[in-house]
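See below for the structure under consideration.
The values are calculated or read from the model by the stated rules, or taken from the named source; none is laboratory data. Everything quoted here is computed from the prediction, not taken from an experiment. Quick reminder, even Gly has a Cβ in these numbers, built from the backbone with ideal geometry, and neighbours come from all protein chains shown. All accessible areas refer to the heavy atoms of the entire protein, side chains included, with ligands and DNA or RNA removed. Shrake-Rupley method; radii C 1.70, N 1.55, O 1.52, S 1.80 Å.
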Amino acid sequence: MSGAPTAGGLAVLGHVTLLPGADEVVPIGCKHCGVDHAVRAFADDPRYDAEVPRTLGRRIDRFSALAVTVVSRLVRSFPTEDPERLGVFVLNSSAGWAYGEEQLETLVTRGVRSMQPYQATAWFPAAAQGEVTIRYGILGEAKSVAGYSGGLGQVWWAAQDAIEAGAVDRAVVVVAESRVSSFSMLASSPCRDIGEPPVLAEGAVAVLIEAAVAHTGSPLSVVWRGLHDGAGDPLARASHLGCALDDSPHSCPIELGDGYALVPMSGGSAREAA
């Protein structure tokens, strides 16, 4: 494509979903209530996955490792000739506390000189964006969203904006979360209601999209729907998105969170008000 502005919705070219198996459970000791909780997460640390170089795995959090792996599996099937025309848009709402909590404990117990130098770069929510763009040489527009209830909708909307403005031809939308640490679990209120089965605490989804005018598939669009249903967990929404694309792509609206939905285009504007 030439980079000229476009409108008319989006087409999903491919997607990859990484979720722990139903029987993969990791115990986390909650320092707030003193109780060990079981969460659904990868039994093998994602930082040691075959897609993650050993030197990289030592200096990133689990959520960044999941992002690297899920994007690797997606982009290998869709090589791009111009890395400046491919964008990356990442959602992470809970930061890298598996790495961060360990380093803060080291700071308190052993002093600052014992900490690893990658604390800041491993912890912050935009870390996955940086690792993905560097590793795969992606030079197009890149943004990170750290929202919660509406985060998935916001990151999808940012990707759509970049495509419609002609900034990129294609965009990889990534959601990567890992709450496999006692500190990050405080935001999930496990002490009040851990639930059965164990709550989903880790996973990643990557979706490759382009303008529908460049593709023959069913076009999609982020649409303001006034949902506000209160069920805002971005990982749950992202996993639902991946399953919906697998089971019945483009057949029904997919709620992305707090006012956003991914819906089949039926003509008209790419965004509509409820």
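The Cβ shell under 13 Å around Ala167 holds other residues with a net charge of -4, Lys and Arg each +1, Asp and Glu each -1.
Working ranking of peptides 67-75, 168-176, 10-18 by packing, defined as the average number of other Cβ atoms within 10 Å per residue, highest first, is 168-176, 67-75, 10-18.
Other residues lying with their Cβ under 15 Å from the Cβ of Ala120 contribute a combined charge of -3, Lys and Arg counting +1, Asp and Glu -1. Based on alpha-carbon atoms, the Kirkwood radius and the radius of gyration of the range 121-190 give Rg/Rh equal to 1.03. A Förster radius of 51 Å, combined with the Cβ-Cβ distance separating Val35 from Ala167, puts the computed FRET efficiency at roughly 0.60.
Surface calculation, 1.4 Å probe, protein heavy atoms: Glu105 sits at approximately 80 Å² accessible.
Each label point was placed 7 Å from the Cα along the Cα-to-Cβ direction; for Asp44 and Leu107 their separation is 3.3 nm. Assign one of three labels to the range 1-140, namely rounded, prolate or oblate, based on the Cα gyration tensor with a ≥ b ≥ c the square roots of its eigenvalues; rounded applies when a/c is under 1.5, prolate when it is not and a/b is larger than b/c, and oblate otherwise. Prolate shape, in that a/c is at least 1.5 and a/b is the bigger ratio.
What is the sum of charges around Ala158, taking Lys and Arg as +1, Asp and Glu as -1, for the other residues whose C-beta is under 10 Å from the C-beta of Ala158? Can you show the working numbers first?
Working: positive: Lys143; negative: Glu141, Asp161.
Computed value for this residue: -1.
Express in nm, to one decimal, how much length is gained between Ser77 and Tyr148 on full extension, taking 0.36 nm for each residue of separation and deducting their alpha carbon distance.
Details: separation 71, 0.36 × 71 = 25.56 nm, distance 3.00 nm.
Contour length minus the Cα-Cα distance gives 22.6 nm.
With the cut-off at under 18 Å, measuring from each backbone N in the range 126-166 to a point 7 Å along the Cα-to-Cβ line of Leu56 picks out 126-140, 142-144.
Place a +1 charge on the Cβ of each Lys and Arg in the range 33-153 and a -1 charge on the Cβ of each Asp and Glu, then give the dipole magnitude about the Cα centre in debye, rounded to the nearest 20.
180
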